[in-house]
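The values are calculated or read from the model by the stated rules, or taken from the named source; none is laboratory data. Small disclaimer: the values here were computed from a predicted structure and weren't measured. So basically every Cβ, Gly included, is an ideal-geometry build from the backbone, and we count neighbours across all protein chains shown.
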Amino acid sequence: MKYEKTQNFIGGKFVASTTDRFLDVISPLDGNLLSTVPMSVSKDLDDAVVAAKAAFAGWSKTPIKERVQVFFRYKTLLEKNLVELAKLCSEENGKTYSESVAEIEKSIELTEFATSLPQLVTGEVLEVSRGVECRTEHVALGVVASIVPFNFPSMVPNWTLPNAIALGNCMIMKPSEKVPLSCGRLAELLKEAGLPDGVFNIVHGDVAIVEAICDHPAIEAVSFVGSTKVAKIVYQRATSNYKRCLALGGAKNHLMVLPDAIPAMTAQNVAASMSGCAGQRCMAASAMIGVGNVDSIIDKICEEARKIVPGENLGAVINKESQDRIERYITEAEKDGAKILVDGRNTKVAGKEGGTYVGPTVIDYVKPGMSVATEEIFGPVISIMRTNTVDEALAIENANPYGNAASVFTQNGAMARYIIEKASAGMIGVNVGVPVPREPFSFGGWNESKFGVGDITGKSSIEFWTKLKKSTTKWNAEAGVNWMS
């Protein structure tokens, strides 16, 4: 075992869980044992809530300009430790080192946004009547929780923790049991940056801890990122306990490719979108719709896909279960009459035979009803459907229950605008394979890709992590009595 047994982080220190149940943490890169992670029990969560509540009184009263000083220092520490953090991310998640570097760089950008919050939450003041003033201010909620997935061990935790904590809340984070190590390192850096003990806590575990978080009476809000199936359960359970909840689910993102698209640029973007992070991201291109004759572009996509080599510029999928599931989708599509243009099944990487890899896979002549066309595969696989018109392509895109992202590749501005207006997705790209907004613009989809109001990052997150206090004051008696009195 390369690392010590993973522990919870409560009250500013790592502490052993009271559980006797642990899971192995296996590196997808080579199958080696990295650590073990505790499946914590409700007592562990209770301890974290006690620590967070004790810290909240002082932290919430600290002026926001002082709170964000912690995140200026935290940002510097992320930069200083970028190489170490990226290597750890790659080890436990399986993505390539360059992808892990990009993930830490995005974490730095998210933290940078948090340092700007004093300029964004100044509130409003207005003299509404002679001698009478109304004021609004953003107030922290209290103890909040963030449940994060395996596919971005550093970035997704930093979607929530900088903003929520800078706004005055105290947080309990539940990392994926598949990738618990990066989150612990973030806790160490936050402590080094001067974050008071108890403001940020980590409780490891599985479904039992997720349910306990949703049920705990002292937790005011819950954010979740994961599959749609679980997002629905978390949202229903948390809100039934009168908590705020923002739960992000899965996706089936469609790239519409028109005949006038620039072939080389389109092929590079499509291939990168379907294979980046081994396809294990909710913004990956999972389906492509070719409108009209785009055979030459599909040929170039296959050329680009063949340049993507597992173990070199393509990482592993998270575990053997995922590998098997992805390969079953490919096999089923082939049996249903689709044509496999590039086949990533049965991939082995020399020297890393214990790793779990799926090669880039391009499937053509997919019908809209096939499982590869409708279900989230979460692997480096793209399913190509063909239509004669843009409206037919939009009908396919809008019929899918998800609504994270959609993109169009074209040189026709009017057609691009038409698709932006008609596509039922929260994030749209034009000649962009992964249309993730940059800060301060927020991340969030529509339909069954998101449950709850607002978005998880950017300015939109302020409304989720705070409540608005309104005050009305009158000091001058000579203002007299009116309806405001």
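The table for this structure:
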| read-out | value |
| --- | --- |
| Residue selected from the range 14-32 under the condition within 26 Å of the chain's Cα centre (by Cα) and in a strand (DSSP E or B), by the criterion surrounded by the fewest Cβ atoms within 10 Å (Cβ to Cβ) | 24 |
| Only one of 421, 463 that is of a type in the set (Asp, Glu) and surrounded by 13 or more Cβ atoms within 10 Å (Cβ to Cβ) | 463 |
| Residues of the range 101-132 satisfying the condition of being free of Cβ contacts under 8 Å to residues at least 24 places away in the same chain and on the phi < 0 side of the Ramachandran plot | 101, 102, 105, 119, 122, 124, 125, 126, 127 |
| Conditions (1) without any contact (Cβ under 8 Å) to a residue 24 or more places away in the chain; (2) part of a helix (DSSP H, G or I); (3) in contact with a Ser or Thr (Cβ under 9 Å, 6 or more places away or on another chain); (4) among the acidic types (Asp, Glu); number of the one not met by residue 66 | (3) |
| Filter result for residue 89 (crowded, with 18+ Cβ neighbours inside 10 Å and touching a residue at least 60 places away in the same chain (Cβ under 8 Å)) | yes |
| Matching entry among 189, 181, 161 (being closer than 21 Å to residue 220 by Cβ and in the same structural domain as residue 92 (by TED's automatic domain parsing)) | 161 |
| The listed residue being surrounded by fewer than 23 Cβ atoms within 10 Å (Cβ to Cβ), without any contact (Cβ under 8 Å) to a residue 40 or more places away in the chain and under 17 Å from the mean Cα position of the chain (by Cα), out of 207, 230 | 230 |
| Selected residue (only one of 284, 272 is surrounded by 21 or more Cβ atoms within 10 Å (Cβ to Cβ) and either assigned by TED's automatic domain parsing to the domain that holds residue 369 or farther than 30 Å from residue 220 by Cβ (or both)) | 284 |
| Residue match in the range 389-403 (condition: buried (at least 24 other Cβ atoms within 10 Å of the Cβ), outside any helix (DSSP H, G or I), in contact with a helix residue (DSSP H, G or I) (Cβ under 6 Å, 6 or more places away or on another chain) and assigned by TED's automatic domain parsing to the domain that holds residue 280) | yes |
| Among the candidates 373, 423, 399, 393, residue that is closer than 30 Å to residue 346 by Cα, in contact (Cβ under 8 Å) with a residue 24 or more places away in the chain and among the small types (Gly, Ala, Ser) | 373 |
